[in-house]
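The values are calculated or read from the model by the stated rules, or taken from the named source; none is laboratory data. Since we're looking at a predicted model, the values are computed, not measured. Note: ideal-geometry Cβ built from the backbone for every residue, glycine included; neighbour counts use all protein chains shown. Ligands, DNA and RNA are stripped out before the accessible areas are found, and what is left, the full protein with its side chains, is counted by its heavy atoms. Shrake-Rupley method; radii C 1.70, N 1.55, O 1.52, S 1.80 Å.
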Amino acid sequence: MSSPRTSDVLVIGGGIIGLVTAWRAAQRGLATAVADPEPGGGAAQVAAGMLAAVTELHYGEQTLLGLNLASARRYPDFAAELTELTGLDVGYRRCGTLAVALDADDRTHLRELHALQRQSGLESEWLSGRECRRLEPMLAPGVRGGLRADGDHQVDPRRLAGALTAACERAGVVFHRTWAERLTVAAGRATGAVLRDGTTAAAEQTVLAGGSLSGRLAGVPQDVLPAVRPVKGQVLRLAVPARCAPFLSRTVRAVVRGSHVYLVPRENGELVVGATSEELGWDTTVTAGGVYELLRDAHELVPGITELPLTETRAGLRPGSLDNAPLLGPTELPGLLLATGHYRNGVLLTPVTGDAMAEVLVTGELPDEARPFSPRRFGAAALMEQPA
Ligand code: GLY
């Protein structure tokens, strides 16, 4: 049995990606530790939790689509397993999504998305404005049409983070509730980390899962430091009083004047409205302009939101890689692996990331679906250029 300061695996970062990696590794028999002052914190505390493989499809992202779909398929069993183990509900809701168009430009954009979805073998149905409003009566009369994607569901990332923390505890994961200050390297191999409390956490394998901070860990050689940038998202939370329920029965989203806006209704009455996308470094200020734009765009879709109490405003940082796809698996530094760079898809990709990372930690090989996301895909281009 290893001492609490020595483990098979040290995961640096206890957001949902770090936690799922630690949990799955521990389930495979590896003595695992997590270094994070606040496990379960990070972007999951802000994210809306859309599982939007179909409605967030983009040109040129066919390989990522495969990983997104693989993860979406695992969600029902993943959520059920977490609930069975911990007694905690993660808010997985098979609600579907409706992406709508407010003007002719939006409609053209959605028609193109529909064509791409069909070419990609995805299921979605084109609806007229009237059909959209029949499904969701709170939609604005001006909605010109929409795409119904019954396979894009949601989970509550805050509950998910809580359940993953509990699952890790039950699986015997050791928590070092402090920051990892510096990776330790000896004889050309990563050996763990020095923690902010001055102690050392030694490990056979170290997984860097620090979200948008992953590129900032001291001690990581420059040629393996991941090029991950923070992409700010401001998100609002509103409350739907019982007398107004059901307000929306599924996620409703649109692109308004080039910006994504989505409304994600939870079963408990919370309505999450997101999200801005801002490349401003490590700034997490909630701004009047961000809140204004989200409310303005959401109001154009669903005018009735102005009646709802605004309960929370918050900003988080998405970890964006050079190609906005995740970085999974071994680096060129033996003993150092990455699980970061999930950008807009961290919540969706949580189940498949846990499985892939556990597999590579145990066997040294990534499973087929994760191989295209090896950090080695960038070669020399992965040399870190830190955002200012
Ligand atoms: N996937 C939604 C977002 O990143 O805003």
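Key figures
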item	result
Hits in segment 30-60 - residues which are open to solvent by 40 Å² or more (accessible area, probe 1.4 Å) and within 13 Å of the ligand (Cβ to nearest atom)	43, 58
Neighbours by Cβ (under 9 Å, 6+ apart or cross-chain): first from segment 93-113, among the polar types (S, T, N, Q); second surrounded by fewer than 16 Cβ atoms within 10 Å (Cβ to Cβ)	97/150
Scope segment 284-304; condition open to solvent by less than 40 Å² (accessible area, probe 1.4 Å) and not small (Gly, Ala, Ser); matching residues	291, 294, 297, 301, 302
So residue 108, is it within 30 Å of residue 177 (Cα to Cα) and more than 16 Å from the ligand (Cβ to nearest atom)	no
Test: residue in segment 296-310 that is farther than 30 Å from residue 62 by Cα, at pLDDT 95 or above and small (Gly, Ala, Ser)	yes
Test: residue 67 is within 16 Å of the ligand (Cβ to nearest atom), farther than 24 Å from residue 162 by Cα and out of contact with any Asp or Glu (no Cβ under 6 Å at 6 or more places or on another chain)	no
Qualifying residue in segment 71-87 (condition: farther than 18 Å from residue 263 by Cβ, open to solvent by less than 20 Å² (accessible area, probe 1.4 Å) and within 16 Å of the ligand (Cβ to nearest atom))	yes
Single unsatisfied condition, residue 256 versus (1) farther than 26 Å from residue 146 by Cα; (2) open to solvent by less than 10 Å² (accessible area, probe 1.4 Å); (3) more than 21 Å from the chain's Cα centre (by Cα)	(1)
Residue list for segment 260-316, filter: in a strand (DSSP E or B) and in contact with a Gly (Cβ under 7 Å, 6 or more places away or on another chain)	262, 264, 274, 315, 316
Within segment 3-119, strands (runs of 3 or more DSSP E) holding 1 or more residues that are closer than 29 Å to residue 148 by Cβ and more than 15 Å from the chain's Cα centre (by Cα)	97-101
Residue 307 being open to solvent by 60 Å² or more (accessible area, probe 1.4 Å), of a type in the set (D, E, K, R), in contact (Cβ under 8 Å) with a residue 60 or more places away in the chain and closer than 20 Å to residue 52 by Cβ	no
Filter pass, residue 328 being surrounded by 24 or more Cβ atoms within 10 Å (Cβ to Cβ), in a loop (DSSP other than H, G, I, E, B), on the phi < 0 side of the Ramachandran plot and touching a Ser or Thr at 6+ places or on another chain (Cβ under 9 Å)	no
Whichever residue in segment 196-221 is among the hydrophobic types (A, V, I, L, M, F, W, C) and open to solvent by 30 Å² or more (accessible area, probe 1.4 Å) and, among such residues, is farthest from residue 342 (Cα to Cα)	202
Verdict on residue 240 being modelled with pLDDT of 95 or more, more than 24 Å from the chain's Cα centre (by Cα) and closer than 30 Å to residue 308 by Cα	yes
Among the residues listed as 263, 248, 295, the single one being within 18 Å of residue 49 (Cβ to Cβ) and either of a type in the set (Lys, Arg) or out of contact with any Lys or Arg (no Cβ under 9 Å at 6 or more places or on another chain) (or both)	248
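Yes/no matrix, rows are residues, columns are (1) basic (Lys, Arg); (2) under 21 Å from residue 160 (Cα atoms); (3) in contact (Cβ under 8 Å) with a residue 40 or more places away in the chain:
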| site | (1), (2), (3) |
| --- | --- |
| 182 | yes, no, no |
| 189 | yes, no, yes |
| 202 | no, no, yes |
| 211 | no, yes, yes |
| 222 | no, no, yes |
| 230 | no, no, yes |
| 233 | no, yes, yes |
| 266 | yes, yes, yes |
